[in-house]
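Chemist: Structure below; questions to follow.
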Amino acid sequence: MNAVWCVVIGFISLLLQLGGFVSPGWMRFGSGSHTLDMGLWYGCGYGECISYFSVDVPLVDRSAHARGLRSYLESQIEATIGVLAVILGLILTCTFYRKNPVDTKTARIIAIICFLVSGIASWIPAGRFAHQYSLMSQFIDVSVPYSVILTGLGASLALFDAIVLMVMMYKANQGQAGYVV
């Protein structure tokens with residue numbers, strides 16, 4: 001497997017993570033025309049969408065509504081780190097086509113780290129929301145959170161890409177005596 005496949009896998013991972021990142025399907029309550037979709041950045045229900053940033057919630061407000069909106073902040077940060085890391089990993093993977101082997105080796109190591117960070121950082125909010133879905137589905141009508149599935153698949157592909165890059169780097173270094181990197 002060469003760097004072209006790593007770029008393709010990374011690009012598919014980016015598309016899946018971006019799809020989950022911007023879509024409102026992290027939590028879906030109800031069914032049919034009476035659904036409430038909640039995403040990382042906005043919620044939609046009954047024909048209207050509202051951004052979480054347009055809701056004025058003071059930091060000292062202790063209501064359940066305020067705590068609920070602030071709890072999305074962690075997931076927003078983690079998902080943002082995941083998307084930015086996969087973009088950086090893709091850029092570095094594209095530099096493998098350079099002819100300077102030192103730059104390629106450094107770029108591969110950093111790309112592996114970026115894909116690992118992306119996979120882990122994206123899996124954390126996906127796992128958190130999947131757990132909430134499994135708990136809530138026992139008591140209320142909750143639809144399948146498609147954004148969680150998209151983000152989880154994208155994170156899995158980023159982790160797979162990191163493993164493929166590690167194997168590629170190991171095979172490239174087998175011929176060089178004395179080098180472990």
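The values are calculated or read from the model by the stated rules, or taken from the named source; none is laboratory data. Keep in mind the model is a prediction, meaning the values are calculated, not measured. Reconstructed Cβ throughout: ideal geometry from the backbone, glycine too, with neighbour counts over all protein chains shown.
Chemist: If PHE139 satisfies all but one of (1) without any contact (Cβ under 8 Å) to a residue 40 or more places away in the chain; (2) under 20 Å from the mean Cα position of the chain (by Cα), what's the number of the condition it fails?
Modeler: With respect to (1) without any contact (Cβ under 8 Å) to a residue 40 or more places away in the chain; (2) under 20 Å from the mean Cα position of the chain (by Cα), PHE139 is out only on (2).
Chemist: So, one more: Here is a list: GLY47, GLY43. Which entry is free of Cβ contacts under 8 Å to residues at least 60 places away in the same chain and more than 22 Å from the chain's Cα centre (by Cα)?
Modeler: Within the list GLY47, GLY43, the selection yields GLY47.
Chemist: Residues that are modelled with pLDDT of 75 or more, in contact with a helix residue (DSSP H, G or I) (Cβ under 7 Å, 6 or more places away or on another chain), within 23 Å of TYR146 (Cα to Cα) and in a loop (DSSP other than H, G, I, E, B): does the stretch 42-64 have at least one?
Modeler: No, the stretch 42-64 contains no residue that is modelled with pLDDT of 75 or more, in contact with a helix residue (DSSP H, G or I) (Cβ under 7 Å, 6 or more places away or on another chain), within 23 Å of TYR146 (Cα to Cα) and in a loop (DSSP other than H, G, I, E, B).
Chemist: Could you pull out the residue among TYR179, TYR133 that is modelled with pLDDT under 90 and either aliphatic (A, V, I, L, M) or in a loop (DSSP other than H, G, I, E, B) (or both)? So that I can check it myself, show each step before the final result.
Modeler: On the way: TYR133 fails: either aliphatic (A, V, I, L, M) or in a loop (DSSP other than H, G, I, E, B) (or both).
Answer to the check: TYR179.
For every residue, the table says whether it meets (1) aliphatic (A, V, I, L, M); (2) closer than 22 Å to PHE21 by Cβ; (3) crowded, with 17+ Cβ neighbours inside 10 Å.
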position: VAL86; (1), (2), (3): yes, yes, yes
position: ILE110; (1), (2), (3): yes, no, no
position: CYS114; (1), (2), (3): no, yes, yes
position: TRP123; (1), (2), (3): no, yes, yes
position: GLN138; (1), (2), (3): no, no, no
position: LEU153; (1), (2), (3): yes, yes, yes
